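Trainee: I'd like to ask some things about the structure below.
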Amino acid sequence: MENFELAQIISTATDLVLLLFILIYFFHLRSREKRLNQKENQIDTSFHKIVDDALSRERKIIEDTTQEAEQIISGAKYLSNETKQSLDQTLAKMVQVMEQGVTQTSQEFIKYYFDSLNHITGQSLVNFQNTTKQLEENMTIQIKQFQETMMPSIQKELELYKKQKMAEADKVVKVIVQKASREVLNKTINIDDHEKLIVDTLEKAKAEGVFD
Amino acid sequence: MDLTDLSKLFKTKVQADDFSSSLDQIIRAIYSADFNFEQNLLQHFGQTTSDELLRLYKSQNNAIQNPGLIKQFLEAIKDQISKLPVLNLTLAFPPRENTLKVITSWFMLNLKKQVLLSIKVDPTLIGGAYIDFNGKHFEYSIQNKVSSIIDQTYEQPTN
């Protein structure tokens with residue numbers, strides 16, 4: 001029984017200690033949160049201040065820049081107008097000079113071209129006449145040479161060819177005639193005639209001195 | 001011994017060679033115990049040639065059973081055959097026996113000598129003959145005549 005009470009006492013004491021610890025921890029957390037909120041408010045205030053400063057400085061820079069740019073543009077416009085006028089004048093002068101030059105050159109060129117053409121025409125005519133004459137002379141010489149050398153040679157070759165062909169034809173005809181004669185005479189000549197012909201041959205051979 | 005005309009026995013070179021060969025066989029048999037000249041001649045040459053040989057043998061006044069004289073006679077014929085001139089003849093036709101006789105007779109009659117004929121046939125001659133004798137050549141043929149006529153025809157100017 002005593003032990004049971006002791007255990008209850010110890011349990012209660014433990015619960016109290018735990019409760020106390022929790023309360024202390026809660027207070028600690030609460031104070032920490034407050035510190036953090038204060039710090040956040042401070043940071044927020046300084047951030048806004050910095051941003052405002054930056055914006056005001058930016059606006060100033062933009063204004064200064066715009067003003068400077070306007071000054072530059074107005075200066076440039078003036079310079080541009082002046083330059084353009086000067087350039088226009090120069091070009092107009094150049095065109096005038098060039099027109100004059102072109103006119104003069106064209107006239108000179110036409111004259112030169114005309115003279116040259118006249119010269120070439122005259123020269124060509126003379127050359128052409130010379131060439132034609134030369135060609136005629138050459139042709140005459142060649143024709144004469146052809147008649148003197150080539151023509152007889154060609155005629156000779158033709159004659160030779162003709163003779164050759166005639167000889168070939170004659171040869172063929174001779175063979176045909178001989179064959180025909182042989183066919184006819186072999187049938188016509190009998191054995192007695194053959195023997196007489198052999199004796200004639202022997203007589204002629206004897207007369208020729210073949211058997212001496 | 002001159003037998004003069006053997007043309008009744010052979011006319012061509014081929015016949016003469018065969019004849020000479022048969023004579024050799026008879027000569028080899030002369031001294032055999034049962035040798036009979038007449039029978040041997042008949043056996044090798046037939047009746048006609050055999051008779052002609054016997055006629056020639058007897059014309060020499062030789063005794064029919066004398067082997068030495070028979071041998072001498074046969075060798076004399078062989079010797080004469082070897083000395084006969086050869087007439088190379090080209091003819092247009094294959095000669096018959098009478099043709100050979102005509103030719104050999106002509107030689108005996110005109111030149112008083114026998115020749116051995118060596119004959120070739122060439123129908124392109126048409127007629128006549130080509131003769132080759134002792135290195136000499138002679139031609140007489142219808143073919144040559146025909147060729148000559150054809151050549152003359154060609155040579156004549158055409159109008």
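The values are calculated or read from the model by the stated rules, or taken from the named source; none is laboratory data. The shown structure was predicted, so the numbers you read here are calculated from the model rather than taken from an experiment. Positions of Cβ are backbone-derived with ideal geometry, glycine not excepted, and every protein chain shown enters the neighbour counts. Only protein heavy atoms, including side chains, enter the accessible area calculation; ligands, DNA and RNA are left aside. Shrake-Rupley method; radii C 1.70, N 1.55, O 1.52, S 1.80 Å.
Trainee: Quickly run through region B:1-13 and pick out the residues that are open to solvent by 60 Å² or more (accessible area, probe 1.4 Å) and out of contact with any Asp or Glu (no Cβ under 6 Å at 6 or more places or on another chain).
Mentor: Selection gives B:Met1, B:Asp2, B:Thr4, B:Lys13.
Trainee: Here is a further query. If you scan region A:197-211, which residues turn out to be assigned to a helix (DSSP H, G or I) and within 9 Å of another protein chain (Cβ to nearest Cβ)?
Mentor: Across region A:197-211, the qualifying residues are A:Leu197, A:Ile198, A:Val199, A:Asp200, A:Thr201, A:Leu202, A:Glu203, A:Lys204, A:Ala205, A:Lys206.
Trainee: Select from region B:1-42 the residues that are farther than 13 Å from B:Ile77 by Cβ and in a loop (DSSP other than H, G, I, E, B) and list them in ascending order.
Mentor: Result: B:Lys11, B:Ile30, B:Tyr31, B:Ser32, B:Ala33, B:Asp34, B:Phe35, B:Asn36.
Trainee: Testing A:Gln67 on (1) open to solvent by less than 100 Å² (accessible area, probe 1.4 Å); (2) under 60 Å from the mean Cα position of the chain (by Cα), one condition comes back false. Which one is that?
Mentor: (1)
Trainee: If you scan region B:88-106, which residues turn out to be at the interface with chain A (Cβ under 8 Å from one of its Cβ atoms) and either of a type in the set (Gly, Ala, Ser) or over 13 Å from A:Thr201 (Cβ atoms) (or both)?
Mentor: B:Ala92, B:Phe93, B:Arg96, B:Asn98 - these are the residues of region B:88-106 that are at the interface with chain A (Cβ under 8 Å from one of its Cβ atoms) and either of a type in the set (Gly, Ala, Ser) or over 13 Å from A:Thr201 (Cβ atoms) (or both).
Trainee: Pull up region B:111-130, narrow it to residues that are closer than 20 Å to B:Lys83 by Cβ and among the aliphatic types (A, V, I, L, M), then point me to the one that is farthest from the other protein chains (Cβ to nearest Cβ).
Mentor: Restricting to residues being closer than 20 Å to B:Lys83 by Cβ and among the aliphatic types (A, V, I, L, M), the top hit is B:Leu116.
Trainee: For region B:39-63, which positions are over 26 Å from B:Lys101 (Cα atoms) and either open to solvent by 50 Å² or more (accessible area, probe 1.4 Å) or of a type in the set (Asp, Glu) (or both)?
Mentor: Of everything in region B:39-63, those that are over 26 Å from B:Lys101 (Cα atoms) and either open to solvent by 50 Å² or more (accessible area, probe 1.4 Å) or of a type in the set (Asp, Glu) (or both) turn out to be B:Gln39, B:Asn61, B:Ala63.
Trainee: Could I ask something else about it? Considering only region B:134-144, I want to know if a residue exists there that is closer than 20 Å to A:Asp193 by Cβ, within 9 Å of chain A (Cβ to nearest Cβ), touching a strand residue (DSSP E or B) at 6+ places or on another chain (Cβ under 6 Å) and of a type in the set (D, E, K, R).
Mentor: Checked against the condition, which is being closer than 20 Å to A:Asp193 by Cβ, within 9 Å of chain A (Cβ to nearest Cβ), touching a strand residue (DSSP E or B) at 6+ places or on another chain (Cβ under 6 Å) and of a type in the set (D, E, K, R), region B:134-144 yields at least one hit.
Trainee: From A:Lys144, A:Lys179, A:Lys174, A:Lys162, grab the single residue that is open to solvent by 80 Å² or more (accessible area, probe 1.4 Å) and either within 14 Å of another protein chain (Cβ to nearest Cβ) or touching a residue at least 24 places away in the same chain (Cβ under 8 Å) (or both).
Mentor: Among A:Lys144, A:Lys179, A:Lys174, A:Lys162, only A:Lys179 is open to solvent by 80 Å² or more (accessible area, probe 1.4 Å) and either within 14 Å of another protein chain (Cβ to nearest Cβ) or touching a residue at least 24 places away in the same chain (Cβ under 8 Å) (or both).
Trainee: Run B:Lys58 past the list (1) part of a helix (DSSP H, G or I); (2) more than 11 Å from chain A (Cβ to nearest Cβ); (3) modelled with pLDDT of 90 or more and report the number of the one that doesn't hold.
Mentor: (3)
Trainee: Please go through region B:14-34 and pick out each residue that is surrounded by fewer than 15 Cβ atoms within 10 Å (Cβ to Cβ) and among the aromatic types (Phe, Trp, Tyr).
Mentor: The one that is surrounded by fewer than 15 Cβ atoms within 10 Å (Cβ to Cβ) and among the aromatic types (Phe, Trp, Tyr): B:Tyr31.
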